[in-house]
Amino acid sequence: AQRVTQPEKLLSVFKGAPVELKCNYSYSGSPELFWYVQYSRQRLQLLLRHISRESIKGFTADLNKGETSFHLKKPFAQEEDSAMYYCALTPSNSGGSNYKLTFGKGTLLTVNP
Amino acid sequence: DAGVTQSPTHLIKTRGQQVTLRCSPISGHKSVSWYQQVLGQGPQFIFQYYEKEERGRGNFPDRFSARQFPNYSSELNVNALLLGDSALYLCASSSGNSGNTIYFGEGSWLTVV
């Protein structure tokens, strides 16, 4: 069985402060990990995926297979980063035609001015 | 370019009734997935369809069913509604190719009274 845990339901930081949203996963095989974001009154959208190894909107995330973690980080938070963030997992061999995402419960990030 | 569209956006049903939710994927996308998001939780996988065939089913009772049409649009049906079925139902589409991105619709809010 696969499981994604986001231990913080709420996270509040000040503008310019570093932010780290935690994600731990449980999966016996090789996973593909994602971070999805939902801004107020907008649809759920992909923020980044670990295989791309890219930085989106200043956010990065590194897959740590030893600690089974995929924490999302940003060195200097901005007010527009305030949103709901979801970590998600799918088996890496699932392929496009057989695709199931397992989501964590989400972390609501608030960046205060 | 239209994204994933869902209808209706909001609806209220009575316990025991049946509901049909509709989804139109992004043009060219052959895979459609359905997720249930209960308040305070992350989305939970219900079904995935690819080329009109069911490719995955989550841990939901048989009261939940879905189908995909030749134009790749999809319907989710829920019979014998329970209060616990109250949730946001999300549809997501993707091309079906390996490594593709999943795009979500804005969802259908179902309230069962």
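The values are calculated or read from the model by the stated rules, or taken from the named source; none is laboratory data. Keep in mind the model is a prediction, meaning the values are calculated, not measured. Just the protein is used for accessible areas: all its heavy atoms, side chains included, with ligands, DNA and RNA removed. Shrake-Rupley method; radii C 1.70, N 1.55, O 1.52, S 1.80 Å.
Does any residue of the stretch B:4-33 lose at least 10 Å² of accessible area with all protein chains in place compared with its chain alone, and if so which ones (probe 1.4 Å)? Checking the loss per residue gives B:Val4. Pairs of C-alpha atoms in the stretch B:5-112 farther apart than 19 Å represent 38 percent of all such pairs.
Counted over the protein assembly as shown with a bin width of 5 Å, the fraction of Cα pairs per bin, in whole percents, is 1, 7, 14, 18, 19, 16, 12, 7, 3, 1, 0. Cα centroid distance between the stretch B:1-36 and the stretch A:1-56, in Å? Computed from Cα coordinates, the inter-centre distance equals 25 Å. Estimated translational diffusion coefficient (Stokes-Einstein, Kirkwood radius over Cα pairs, 25 °C, 0.890 mPa s) of chain A: 172 µm² per second. For the residue pairs A:Lys15/A:Lys74; A:Lys65/A:Lys100; A:Lys100/B:Lys13, the alpha carbons lie more than 18 Å apart in A:Lys65/A:Lys100; A:Lys100/B:Lys13. With a 1.4 angstrom probe, the accessible area lost at the A-B interface totals about 1800 Å².
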